[in-house]
Amino acid sequence: MSMMPTVSPRGAAVRALRSVLVGLTVALCGATAHVGAGGEVGAGALLTVAVVASATTALLAGRRLTTGQLVGLLALGQVGLHVLGSGSGPHDASMVLTHVVATGVSLLALRHAEDLWWRLADAVGDVLAVPQVLPVPVVDHVVRVTTTVHRGRRVVRTVRSRAPPSAA
């Protein structure tokens, strides 16, 4: 029996990392499209979309994201960044087309990343180990040490006595 706990690819910390990576991809996809079509995107808009997309992904992170869920996330990210960054740049067909193309390219990338993520999760299983705090073992006896001076010499005595039985 191993004394080390395992970290599952489906565990909370790993799911949080996955959510952040998807959120950043959604935000950067939208920002790239918007700037590519002549608009501007502020850091606040980029951060807002990344946080919202990460939080949304976290809600779904315990299972595989479907293509429809990925399209929804990407479309919401595109619309969010366009609306938050709409104070600048054109609002014409080229802007819409750029957002649509960026959504399609990002969908392909995230679809492959999602498939790879779950293949790795299935292959790795619960193999990664991290240190663990071990419980203190229950002692079934008490050792008492006494020191006395007898005829000018120090005498050390140990007395072992049984303790009450443990509940374990």
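The values are calculated or read from the model by the stated rules, or taken from the named source; none is laboratory data. Source: prediction; values computed, not measured. Cβ placement follows ideal geometry from the backbone for every residue including glycine, while neighbour counts extend to all protein chains displayed. Remember, those area values only see protein heavy atoms, side chains included, never the ligands or the DNA or RNA. Shrake-Rupley method; radii C 1.70, N 1.55, O 1.52, S 1.80 Å.
See the values below:
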| item | result |
| --- | --- |
| Rg [Å, one decimal], Dmax [Å, integer] - the stretch 37-126, C-alpha atoms | 15.1, 50 |
| Label-point gap, in nm, between VAL35 and ASP115 - each point 7 angstrom along Cα→Cβ | 3.0 |
| Within the accessible area of the stretch 9-97 (1.4 Å probe), percent carbon and sulfur | 73 |
| Full-stretch length increase - VAL96, THR148 - with 0.36 nm per residue and alpha-carbon distance subtracted | 9.5 nm |
| In Hz, Karplus ³J(HN,Hα) per residue of the stretch 17-28 (6.51, -1.76, 1.60; θ = phi - 60°; x = Gly, Pro) | 4, 4, 4, 5, 5, 5, x, 5, 4, 4, 5, 5 |
| Surface accessible to a 1.4 Å probe, per residue, for the residues of the stretch 29-89, Å² | 47 |
